[in-house]
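The structure appears below as structure tokens.
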Amino acid sequence: MSKFNVTPQMQQYGCIVDLLSRNGLLKEGYEFIMGMPVEPDAILWRSLLSATRIHGDVAMDEKVGKLLLRVHLEQSSLNGTSEDYVALCNIYASAGKWEGVETIREEMKVKGIENKFGCSSI
């Protein structure tokens, strides 16, 4: 991109991560995010997390989930939301790691983060 003097935006990085991860190239997607010259946002991590669940990579699920929670701590505007905590709880539960579920729920309780229940109407 430097050849054309174009600076990529977060959306372009997100497209690349999405393309890699949807095609099962989870490690490459992770390495791409880690090698970015800018700090990745929660959307990039969620994109990769979604793909790791689809492709059944529990180890990568856990790694990405923890990084996503770290982004929560760094970006104060995200504090108080439960979606990513619940996603990590679901990862632990599907892997049978009940201690991890308990740890995340306790962390949510300590931080005053409440689980928001979704609803839909048909």
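Could you tell me how many degrees, from 0 to 90 and to the nearest 10, lie between the Cα long axis of helix 10-22 and the main elongation axis, the longest principal axis, of the Cα atoms of the chain?
Taking Cα atoms only, the helix is inclined about 70 degrees.
What angle, in degrees between 0 and 90 and rounded to the nearest 10, separates the Cα long axis of helix 98-111 from the longest principal axis of the Cα atoms of the chain?
It works out to around 90 degrees.
Quick check: net charge around residue 87, other residues with Cβ under 12 Å of its Cβ, Lys/Arg +1 and Asp/Glu -1? Mind dumping the intermediate values first?
On the way: positive: 46, 53, 66; negative: 61, 62, 83, 84.
Net local charge, residue 87 excluded: -1.
Just to check I understand the Karplus step: with θ = phi - 60° and J = 6.51 cos²θ - 1.76 cosθ + 1.60, what whole-Hz values come out for the stretch 25-35, glycine and proline as x?
Residue by residue, the stretch 25-35 yields 8, 5, 4, 5, x, 5, 5, 4, 4, 5, x Hz.
Between residue 15 and residue 83, take the C-beta separation as r, use R0 = 22 Å, and let me know the FRET efficiency to the nearest 0.05. Walk me through the numbers before you get to the answer.
On the way: r = 22 Å, r/R0 = 0.99.
Efficiency, from the Cβ-Cβ distance: 0.50.
What is the chain's relative contact order, in percent, from Cα pairs under 8 angstrom and six or more apart in sequence?
Values: 106 pairs, mean separation 20.8, N = 122.
Normalised by residue count, the contact order of the chain is 17 percent.
Where does each of 82, 47 land when they are ranked from fewest to most other beta-carbon atoms within 10 angstrom?
82, 47
Pop the C-beta distance of residue 39 and residue 5 into the FRET formula with R0 = 25 Å and round what comes out to the nearest 0.05. Walk me through the numbers before you get to the answer.
Working: r = 22 Å, r/R0 = 0.90.
For R0 = 25 Å, the calculated efficiency reads 0.65.
If you put +1 on each Lys and Arg Cβ and -1 on each Asp and Glu Cβ, how big is the dipole of the chain around its Cα centre, in Debye rounded to 20? Display every interim value, and only then the final one.
Numbers: 13 positive and 16 negative charges, 31 e Å.
For the chain, the charge dipole is close to 160 debye.
Can you list, largest first and rounded to whole Å, the semi-axes you get for the chain by taking the square root of 5 times each eigenvalue of its Cα gyration tensor? Walk me through the numbers before you get to the answer.
Working: eigenvalues 151, 59, 38 Å².
For the chain, the ellipsoid semi-axes come out as 27, 17, 14 Å.
Given the -39500 (n - 2.57) contribution per DSSP H run of 4+ residues, what per-residue ellipticity at 222 nm results for the chain, rounded to the nearest 500 deg cm²/dmol?
Estimated from H runs of four or more residues: -20500 deg cm²/dmol.
Please give the length that would be gained between residue 73 and residue 106 if that part of the chain were fully extended, namely 0.36 nm times their separation in residues minus their C-alpha to C-alpha distance (nm, one decimal).
Contour length minus Cα-Cα distance gives 10.3 nm.
Can you tell me which aspartates and glutamates have their Cα less than 14 Å from the Cα of residue 27? Leave out same-chain residues fewer than eight positions away.
18, 57, 61, 62
If you take the charge dipole of the chain about its Cα centre, with +1 on Lys and Arg Cβ and -1 on Asp and Glu Cβ, which of 55, 85, 108 is farthest toward its positive end?
Checking the options against the dipole of the chain, the answer is 55.
A short reminder: the numbers here are calculations on the coordinates, not readings from a lab. In this text the structure is predicted, and so the values were computed from the model without any measurement. Ideal geometry is used to build each Cβ from the backbone, glycine not excepted, and the neighbour counts take in all protein chains shown.
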